[in-house]
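Beneath this line is the structure, given in structure tokens, with notes to follow.
Read-outs: derived from the displayed coordinates by stated rules, not from any lab. All values derive from a computational prediction rather than experimental measurement. Heads up, the Cβs are rebuilt from the backbone with ideal geometry, glycines too, and the neighbour counts pull from every protein chain shown.
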Amino acid sequence: MRSTSPSSRDSFTSKFGVIAAAAGSAVGLGNIWKFPYEVGQNGGGAFLVFYFFFIITIGLPIMISEFVIGRRTNANAVRAFKKLSPGRPWYFTGVMGVAAAFMILSFYGVVAGWTLEYIYQALVNSFKGMSPAELSEGFNVFLSNPVRPIIWQVLFMILTAIVVIGGIKNGIEKLTKVLMPVLLLIIIIMGVRSLTLGTNIDASGEIIGRSVDGLKFLFQPDFSKVDTDVILDALGQAFFSLSLGMGTIITYGSYIRKDNNLNRTAVQVAFLDTLIALLAGIAIFPAVFYFNVAPTEGPGLVFTVLPSIFQKMVGGYFWTLAFFLLLAVAALTSSISLLEVAVAYFAEELKINRVKATIITTIMITSLGVLCSLSNNVLSQVQLFGRDIFASMEYLSSNVMLPLGGFLIALFTGWAIKRSDFYAELSNEGTYKLKMFNALYFIIRFIAPFAIGLVFLYSVGLLG
Ligand code: PFF
């Protein structure tokens with residue numbers, strides 16, 4: 001079964017390239033846009049506890065499984081299952097992953113488009129002197145315009161398609177290698193500024209807010225706020241943030257060289273991803289409380305709060321611009337991984353040439369995305385499952401399809417692949433000693449599917 005990379009398939013060239021590309025997929029709007037608002041809407045610290053728990057006990061083992069499946073087979077997310085379990089319906093997991101990629105990228109492209117608008121606004125210095133209330137108002141005005149967000153979204157999707165057409169080595173790897181570390185640095189600097197904001201006092205001496213309250217919100221769990229929705233949101237966010245459950249990591253795994261230590265790569269990627277989400281939380285929540293913005297504000301949260309922090313920094317113009325530029329790049333390195341799942345499938349399974357496959361998929365996804373964007377204005381009355389189009393795409397993909405995909409991937413790895421094959425791939429044919437292998441294997445076979453199933457059944461009301 002084992003084979004070396006066929007020369008027709010592209011691959012990552014260096015160890016750092018692999019980590020940067022996989023971390024590039026993981027780190028994105030999920031960390032900086034979605035994570036803070038999920039924390040805000042789900043009561044703060046308690047959400048964080050569940051999130052960490054799911055990252056370690058479910059996310060990491062499933063990431064390792066996806067890497068193993070991808071590299072073992074050198075194939076796209078659908079063929080990988082067909083190769084390892086011929087004639088069985090497991091490949092359905094990959095098909096669902098391609099569908100999830102479509103749905104996620106549709107709304108992801110919209111939010112990424114917002115970051116482009118913010119780059120433009122930063123460039124023309126229009127945030128200067130604005131209060132948080134004015135920034136929030138400005139965001140809502142932008143969103144209520146049916147055309148403008150779509151122009152940015154289309155532009156972003158074209159950029160994504162261009163990088164994907166460029167291929168793995170030329171496009172994805174080069175971009176992520178340089179820019180990921182810079183993003184990390186800027187978020188740390190923002191965190192320091194946010195933490196040192198102190199107490200906000202108005203002209204009459206009234207306290208408006210204190211930045212330490214943001215830290216308390218983030219780190220002091222209040223378990224009375226926890227219900228099954230909070231737990232499902234934390235699980236969905238863990239999958240979304242680590243790019244798991246839909247074959248992205250399988251697809252990237254298929255481009256990884258045989259001498260890479262997959263275990264270590266998975267740990268590094270999960271660590272970096274969690275670190276960046278946490279740092280984003282540390283940058284945002286002290287400012288949220290200092291400016292007295294509602295943490296439950298939802299998807300607009302970071303677009304209101306972050307420019308407010310920059311107003312308080314020396315060189316605010318420069319920081320705002322640099323931050324939104326890097327946020328757009330982080331979104332791009334994730335969106336290319338989403339598009340790559342669909343393109344690899346169409347190009348290799350349906351035998352369409354890569355450029356054509358990219359163009360067709362981009363057009364389809366962007367069209368669905370236009371509906372998501374319009375659901376913030378003219379289509380706001382259209383409801384699917386009690387949510388508008390944007391929110392239903394987000395909910396269905398992160399909270400339903402990704403956990404379901406993860407559930408199937410864990411079952412597949414634990415029960416359909418031979419234990420010795422799994423061990424051989426993970427240890428690079430015995431080159432590495434895997435000390436924790438038994439525990440890992442036990443989690444993949446029993447704990448992960450059981451835990452995902454439990455959260456799922458509770459949240460749809462079939463238990464409890
Ligand atoms: N992990 C990305 C983020 O946090 O922004 C989003 C994402 C990319 C989700 C790729 C799923 C995926 F397959």
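The table for this structure:
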read-out: Whole-Å distance, taken between Cα centres, linking the range 374-414 and the range 416-462; value: 25
read-out: Tilt relative to the chain, helix 148-166 - C-alpha long axis, 0 to 90 degrees, to 10; value: 30
read-out: Helix axis angle, 262-290 relative to the chain longest principal axis, alpha carbon, degrees; value: 10
read-out: Proximal lysines to Lys83, defined as alpha-carbon separation beneath 29 angstrom and excluding residues fewer than eight positions away on the same chain; value: Lys15, Lys169, Lys258, Lys351, Lys356, Lys418, Lys433, Lys435
read-out: Angle between the chain longest axis and helix 354-374 axis [Cα atoms, degrees, rounded to 10]; value: 40
read-out: Ordering of 259-266, 365-372, 197-204, 425-432 by packing [mean C-beta count within 10 Å, highest first]; value: 365-372, 259-266, 425-432, 197-204
read-out: Dipole magnitude (debye, nearest 20) for the chain, charges at Cβ of Lys, Arg, Asp, Glu; value: 1840
read-out: Positive-end residue of Phe92, Leu332, Ala80, charge dipole of the chain with Cβ unit charges; value: Ala80
read-out: Highest to lowest packing among 375-381, 320-326, scored as the average C-beta count within 10 Å; value: 320-326, 375-381
read-out: The chain - mean residue ellipticity at 222 nm from DSSP helices (-39,500 (n - 2.57) per run, n ≥ 4, rounded to 500); value: -21000 deg cm²/dmol
read-out: Dipole axis of the chain (+1 Lys, Arg; -1 Asp, Glu on Cβ), positive-most option in Gly281, Gly28, Gly214; value: Gly28
